[in-house]
Amino acid sequence: AENPMDHWLGPQHWKRDRDLPCLSVGPPGEFDDTHIFAPCVSYENGSYSMWYCGSRGTVEDRVFEVDVFRSP
């Protein structure tokens, strides 16, 4: 029997719609001014949302947070 989660857990086919990144590191002082990583994207009610982790500061003072970026 087919697993109902196979659609969500299998390979996803993404198509680039522009040559620019949709997200980059934040401005100085923001939670994501050094690194952005571990994105997770969902599509719901005609809109994409992307949760991602960011960090700032030196390794010794590293701060990690999670934020959500929603498409316009």
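The values are calculated or read from the model by the stated rules, or taken from the named source; none is laboratory data. What you see is a predicted model, and the numbers here were worked out from it, not measured in a lab. In this analysis, Cβ positions are derived from the backbone assuming ideal geometry, glycine residues included, and neighbour counts consider all displayed protein chains. To get the accessible areas, we keep the full protein, side chains included, count just its heavy atoms, and leave off ligands, DNA and RNA. Shrake-Rupley method; radii C 1.70, N 1.55, O 1.52, S 1.80 Å.
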Failed condition for ASP32, given (1) of a type in the set (Asp, Glu); (2) over 14 Å from the mean Cα position of the chain (by Cα); (3) modelled with pLDDT of 80 or more:
(2)
Taking region 59-69 and keeping residues surrounded by 12 or more Cβ atoms within 10 Å (Cβ to Cβ) and not β-branched (Val, Ile, Thr) leaves PHE64, GLU65, ASP67, PHE69
Within region 21-58, which residues are open to solvent by 60 Å² or more (accessible area, probe 1.4 Å), under 23 Å from LEU9 (Cβ atoms) and polar (S, T, N, Q)?
ASN45
Residue check: is GLU2 more than 17 Å from the chain's Cα centre (by Cα) and acidic (Asp, Glu)?
yes
